[in-house]
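What follows is calculated from the coordinates using simple rules that are stated; it is not laboratory data. Because the structure is a prediction, the values reported are computed rather than measured. No Cβ is skipped: glycine too gets one built from the backbone with ideal geometry, and neighbour counts run over all protein chains shown.
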There are 2 protein chains.
Amino acid sequence: MSESIAKIEDVARAAGVSIMSVSRALRGVEGVSEATRARITVLAAEMGYVPSRLAGSLAQATSNLVAISVPTLFDAVFAEIVGGMRETLTHAGLETIIETSDYDPAREAAWVERMIEWSPAALVLSGVDHAPGASTRLREGGVPVMQLWDIAPDPIDLNVGIEHSLAGEEMGRHLLGLSYRSPVYIGIPRGRDLRAEKRRAGLEAAFQEAGVTLRDLRVDAAPSFEAGREGALQALKLVPRPDVLYFLNDHLAFGGLMACETVGVDVPGEIGIAGFNGLNINNVLPRRLTTSVTPRSLMGKTAARMLVAAIRGVRTERRISMPVPVESGATTSAALTAKAPRA
Amino acid sequence: MSESIAKIEDVARAAGVSIMSVSRALRGVEGVSEATRARITVLAAEMGYVPSRLAGSLAQATSNLVAISVPTLFDAVFAEIVGGMRETLTHAGLETIIETSDYDPAREAAWVERMIEWSPAALVLSGVDHAPGASTRLREGGVPVMQLWDIAPDPIDLNVGIEHSLAGEEMGRHLLGLSYRSPVYIGIPRGRDLRAEKRRAGLEAAFQEAGVTLRDLRVDAAPSFEAGREGALQALKLVPRPDVLYFLNDHLAFGGLMACETVGVDVPGEIGIAGFNGLNINNVLPRRLTTSVTPRSLMGKTAARMLVAAIRGVRTERRISMPVPVESGATTSAALTAKAPRA
DNA sequence: GTCTTTTTTGTTATCGGTAACAGTCGCTCG
DNA sequence: CGAGCGACTGTTACCGATAACAAAAAAGAC
C-alpha cells in the first residue's frame, strides 16, 4: 500500500542522498559511484518504487512511445508488419501504441493530431496517401515519421515499402504469359484500399499493353474471405466468362477458390485465380495460390531499424523499395486450351 | 515552425487571459464564459497549439492510456477482441497501447511493470494465469484491471471471458453423441497455451466419463495452419487410427482439414474434425468446420464498457462468463459405421 | 441602490521527474 | 604543500500542464 505512493523523493530520503542521485542511479546514467548506485537500486526495489514515465518524458521533452497506425489488425498482413517492428522496437526500449484507421484518412489524421500530444519518439503510418492536413503536420514536426507498406515519390521522412502498381504489373505480365486473355479484378469499392487500386491499375496497364481489357467487379463488404467468395460467384456469371480472376489479396482469393470448389468449377482447369501477399495459409492448401509474395516481416524489421537509428539521431537511407516476386502456384496454368478471349 | 513551440502560455498571452482560462477552455471544462472560450479555441487552432498529454496526465496523476496485452496479433481471435474493445474505448477518449506477450508470462509481467510507469487508466490482460509477481502488483495498484478471454475463480478485478474447460467438455459430449470413440487432441507443446490446455482437459473429462481415453499429439510449432497440417498428417498414421481430431483451434483444424484433403482422406467419412473459435474462414469453406463459437467481438465490447464504467468510478458487475455454443458443421457426422474403438 | 450570489478569471502550489551548473572531496603533480 | 583535476553529489530552475483556492466582475434579490 505504501508501495503505490513511493516516489523518488522517498527513495532519496531512505538512501540518504539527493533525488538526483536516485534519478541517475536508476537510469543507469553516469555520475554515481557504483556503491551508492547499488544501494539505491536495492532500496528502490524494496520500496516498490515505480518511476513516472509521465514526469520523465515531460522533463526530457520526448517519450519512448512509437505510435503506429495500420488500416486494420484483422488482416494478418498488418499484424505481421507490426510483429516485425515490435521486436526491434521493444529491444530498443520503445513502447508501441497502435491505432487502426479502418482505411479512413480522416481517422488517421485525427489520430496524428492526438498522438502529437504525446511527444512520441516516432510515428508510423501505413501507406503514403494521407489527408492533406496530416502530411503538413507531420512534415513540420521534428518527429521521425515512417511511411510503410507503399512507396512514395517524396516521402514525408522515412519510407519502406513496395511498389504496388509494379506488383500488379508483374502479375499482369505473368498471367499474360500464361495466355490468359479475359481477366477480372475482384475487390472492394473504389477508394477504400488505395494500395489495392494501385495494383489493379498496374495489372490493367500490363494487360492493356497486350490489347486486353480488364473488367472490374466490386463487392461491398469487408476485404475478407466472404468478399472473395461473393465476388467469385458473381464473376462466374459474367458473360463472357472470365478466364482468370485477380483478387484484391489472398484472403479474397482463398474465398474465391473455395467458392469455385463449392460450385464445382475446376481451378485452374476452367478458370485461373491469383491473389496477393503470399500468406501462410498457402502452405496448407492442396492447391497453392498464385500470388505475389510481400516481405511483410522483413519490411517491419527494416522499418524498425531505420526508426531506431533516426531516433538516435543517425540518418540512414530514407527510402527502401522492396521486391515483390510473383509466386506461381497451382491455381493458374498455361495448359488451358479455351483461353482465347470470347469477347 | 513557430507552431511546434506554441505552448499554453503563448496562447494565453495572445488571448490576453491567464493560462488557466486557456486550459479550461480547451478541455471543455466549466468555468469560462462562452465568449472567451470561443476566442481562445480559435486562437489556439490558429497558432497550432498542441496540448501536452505528458504534462496534463502528470498533473492529473492519471493518463487516458489503456494498456492491452494479448498473446499474439497473428491470431484473428485477439485481433477481433481488441477490435471489439477499441471502438468503445476510443469513443470514451481513451488511447490503447498494445503488447504481444507471445504466450510468455514473464514477458507479460515485465510489461505490467513497464506499463504501471505510465499511470494508465486501465490494464487489460489476456487470460487469468499470470506470473506471481504480476498478479500481486496488479491487485495492490488502484488501476482497474480487466482479465479477458478466460474466467478466473477470483479475478484480480474485472473479468470477462469464457470457461474453456466447459467449452472442451461440451465439445466432448457433442462428439460422444456422434458416436466418436477414438479421439485425438492436436495442439502445441504443453504449457504454451494454457487456455487450450483447459479445453483439452474438459474434452478429456467428457470422454473419460464414457470410458474413452483421449490421445495427445503435440506439434512443436507456432499455433497456425501449418501446425494443424503437420498434426493431422501424424495423427493419420497413429495405430489404431483415430476417428476424430480435436484441434487446438480453427486455424489448426483448417490446416488439418486441408491435409486430409491433400492425402485423400475423406472428412467426415473416414475421420471427423473439430476446432475452436468459429472463425469467419468457416463462412467460405465448402465443408463447414464443427467448432465452438466464441463471442470475440462481443467479449471485447463488453469488457470495454465495463472498463469505461470502472474508470469513471462506476462499479458494475465484476465477472461475466459468456456461453460458447458448439456449432455442428460438416466435418463431423453421426452416420459413420466404423466408429467403434479399435483400441 | 446596496448586499448577496453566482459566474468568470487569476494566483499559487504541485505533479514527479531531468538538465545544467555548482560544490565537495580525495588525489596527483610539480 | 597548494594548485589542479576528476569523480561524486547536491542545488536550482524548469518541463507544461491542472487543482484548489482567491479575487474580481456580473447578475439577482430586496
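Each Cα pair under 8 Å and six or more residues apart adds its sequence gap; the mean of these over the residue count of segment A:235-286 is a relative contact order of 42 percent. What FRET efficiency comes out for the pair A:Glu9/A:Glu34, r = Cβ-Cβ distance, R0 = 22 Å, nearest 0.05? The computed FRET efficiency comes out at 0.45.
Per-residue ellipticity at 222 nm, computed for chain A from helices alone with -39500 (n - 2.57) per DSSP H run of at least four residues, works out to -13500 deg cm²/dmol. Amide hydrogen proximity for B:Thr72: with H placed 1.01 Å from N in the peptide plane, the residues at 5 or more positions away or on another chain lying under 5 Å are B:Ser101, B:Asp102. Contact order, relative form, for chain A: 16 percent (alpha carbon pairs under 8 Å, 6 or more residues apart, mean separation divided by residue count).
The alpha-carbon atoms of segment A:165-235 define a convex hull whose volume equals 83 cubic angstrom per residue. Length gained on full extension, B:Leu298 to B:Arg318, computed as 0.36 nm times the residue gap minus the Cα-Cα distance: 5.6 nm. Classified by the C-alpha gyration tensor, segment B:63-209 has a prolate form. Its axis ratio a/c, with a ≥ b ≥ c, is 1.5 or above, and a/b is larger than b/c. The label-point distance for B:Ala309 and A:Ala210, in a model that sets each label 7 Å from Cα toward Cβ, rounds to 6.1 nm. The ellipsoid that matches the Cα gyration tensor of segment B:249-329 has semi-axes, each √(5λ) in whole angstrom, of 37, 11, 8, with the longest given first.
Among the residues of B:106-117, the average count of other protein chain beta-carbon atoms within 10 Å of the residue beta-carbon is 2. For the residues of A:93-101, the average number of beta carbons from a partner chain within 10 Å of their own beta carbon is 5.
Count the net charge of all other residues whose Cβ sits under 13 Å from the Cβ of A:Pro51, scoring Lys and Arg as +1 and Asp and Glu as -1. The answer is +1. For the pair A:Arg139 and B:Ala59, label points projected 7 Å from Cα toward Cβ lie 3.3 nm apart.
Using only the C-alpha atoms, the convex hull of the protein assembly as shown corresponds to 178 Å³ per residue. Using a cutoff of 8 angstrom between alpha carbon atoms and counting only pairs six or more residues apart, the relative contact order for segment A:205-343 works out to 21 percent. So what's the net charge close to A:Leu289: Lys and Arg +1, Asp and Glu -1, counting the other residues with Cβ under 11 Å from its Cβ? Net local charge, A:Leu289 excluded: 0. Full extension of the segment from B:Leu238 to B:Ala221, taken as 0.36 nm per residue of separation minus the current Cα-Cα distance, would add 4.2 nm.
The calculated FRET efficiency for the pair A:Leu194 and B:Met20, based on their C-beta separation and a Förster distance of 45 Å, comes to about 0.50. Distance between Cα centroids, segment B:187-219 to segment A:73-119: provide it in whole Å. Taking the Cα centre of each part, segment B:187-219 and segment A:73-119 sit 37 Å apart.
When Rg and Dmax are taken over the Cα atoms of chain A, they come to 25.8, 90 Å. Taking every DSSP beta bridge that has both ends in chain B, the antiparallel portion is near 5%. Stokes-Einstein diffusion for segment B:203-287 at 10 °C, viscosity 1.306 mPa s, with a Kirkwood radius from C-alpha pairs, works out to 120 µm²/s.
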